[in-house]
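Chemist: Dropping the structure in here first, questions after.
The values are calculated or read from the model by the stated rules, or taken from the named source; none is laboratory data. Quantities reported herein were computed from a predicted structural model and do not represent experimental measurements. Positions of Cβ are backbone-derived with ideal geometry, glycine not excepted, and every protein chain shown enters the neighbour counts. What goes into the accessible areas is simple: the full protein's heavy atoms, side chains included, and nothing from ligands, DNA or RNA. Shrake-Rupley method; radii C 1.70, N 1.55, O 1.52, S 1.80 Å.
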Amino acid sequence: MTSTAVPDTELAPSRSWYKRNEIAVTPWLFLLPAMLFFAVYVIIPIGQSFWISFHQWDGLGEKTWVGTANYERLLGWGDQNMDRKFETSFWNNLKWLVLYLLAIPAGLFIALFLNQTVRGIRVYKSLFFFPFVISQVVVGLVFSWFYLPREGLLNAILGVFGAGPVNILGDPTLATYGIIAAGLWPQTAYCMILYLTGLNAVDPEQVEAARLDGAKGWKMLWYVILPQLKPATFIAFVVTIIGALRSFDLISVMTNGGPFGSTRVLSFYMFEESLSEFGFRMGYGAAIAVVLFFIMLGFIAYFLWSMYQDEKGAR
């Protein structure tokens, strides 16, 4: 028998094609499990929420198609008035959104302080990092004790200055702000961690060049440091906005939506309508979830577009 060998020149194109495809396919093989999990646990549930929001359903029996009736009742379309509970929840979410953003500059300035070479700085970092590692439920319990009308530390401090006791969580006008203050404690720690990571990536040559040009203090921060912290700022904005709009655990632990429903937010109202003992209106709860989803999507899309425009302008 005779064998004919294939010249190396004929095998070279097939080998190079295989190599090119191997490099292109390998990243997708690594991403595939994460993409499957994301599709199963995020994308598909979002689609199901949209579908359920057009039905009347108690979560167990047959679904009844009602079209946009849930949205009409929720938003006050047609001849219906807007749901007062939804209106209160929506405005409380706006309060959360505006005040929660204070965590970003607070985290930045704490990170700038902790980025110094000072004696005992590791102890300071641990103390500021501590709120981030404890559960939101624990944070809620700690601040509930802190706000107690008689035994709480807050009123003990106010008593030293001659001020009367204040029932933060029992006052409908103050309760929401008290819960937001509790939420700012761990959120500021999270933003601080993001900025500490970003400060480690700041180019020292740019800082040194700015110093030679006479830049220092606020000018150094505004024109040299902050532009290099844009990725950290973007992540801080997105995470803080999502945290403000989906706030649930602190409200559940500290007030359970009270007093008189004054601290409800959209995520808590969605839970009340869908799963509480007076609820089991899955369709109505899904409609609230859809509204909350579009609010989040609007903010995130805006920041993504802003980042894209900045990068496009920098090229």
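Chemist: Using the membrane-span-like helix rule (whole DSSP H runs, Cα extent along the own axis of at least 30 Å, mean Kyte-Doolittle hydropathy at least -1.0), which helices of the chain qualify?
Modeler: TM-like helix candidates: 8-38, 175-200, 282-314.
Chemist: Filter the GluC sites (Glu not before Pro) in the range 17-92 to those in DSSP coil with at most 16 other Cβ atoms within 10 Å of their Cβ, and list the result. All intermediate terms of the calculation are to be shown ahead of the outcome.
Modeler: Values: sites: GLU22, GLU62, GLU72, GLU87; in loops: GLU62.
The qualifying sites are GLU62.
Chemist: Cut-off under 30 Å on the C-alpha distance; same-chain residues fewer than 8 positions from LYS216 excluded. Which lysines are left, in chain and number order?
Modeler: Here the lysines satisfying the reach criterion relative to LYS216 are LYS125, LYS230, LYS312.
Chemist: Still on this model: If you scale each eigenvalue of the Cα gyration tensor by 5 and take the root, what three semi-axes come out for the range 215-293, rounded to whole angstrom and sorted largest first?
Modeler: Square roots of five times the eigenvalues give 40, 15, 8 Å.
Chemist: Okay, moving on. Normalised radius of gyration for the range 133-256, please: alpha carbon Rg relative to 2.2 N^0.38 Å, two decimal places.
Modeler: Compactness ratio reported: 1.44.
Chemist: Determine the sum of side-chain charges near PHE268: Lys and Arg each +1, Asp and Glu each -1, restricted to other residues whose C-beta is under 13 angstrom from that of PHE268.
Modeler: With Lys, Arg at +1 and Asp, Glu at -1, the net is 0.
Chemist: How would you classify the range 30-166 from its alpha-carbon gyration tensor, with a ≥ b ≥ c the square roots of the eigenvalues: rounded for a/c under 1.5, else prolate if a/b is greater than b/c, otherwise oblate?
Modeler: Details: a/c = 2.75, a/b = 1.53, b/c = 1.80.
Cα axes put the range 30-166 in the oblate bin.
Chemist: Label the range 181-315 by shape, choosing from rounded, prolate and oblate, from the square roots a ≥ b ≥ c of the eigenvalues of the Cα gyration tensor; if a/c is under 1.5 it is rounded, and otherwise prolate applies when a/b is larger than b/c, oblate when it is not. Let's see the in-between values first.
Modeler: Details: a/c = 4.36, a/b = 2.29, b/c = 1.90.
Prolate shape, in that a/c is at least 1.5 and a/b is the bigger ratio.
Chemist: Taking one equal scatterer on every alpha-carbon of the range 35-101, how large is log10 of I(q)/I(0) by Debye at q = 0.15, 0.17 1/Å?
Modeler: -0.75, -0.87
Chemist: Using a 1.4 Å probe on the protein heavy atoms, what percent of the accessible area of the chain belongs to carbon and sulfur?
Modeler: 67 percent
Chemist: Report, to one decimal in Å, the Kirkwood hydrodynamic radius for the chain based on all distinct Cα pairs.
Modeler: Kirkwood radius, the chain: 23.9 Å.
Chemist: Suppose we take every Cα in the range 110-191 and form the convex hull; what volume per residue is that in Å³?
Modeler: Enclosed volume per residue, from the Cα hull, is 124 Å³.
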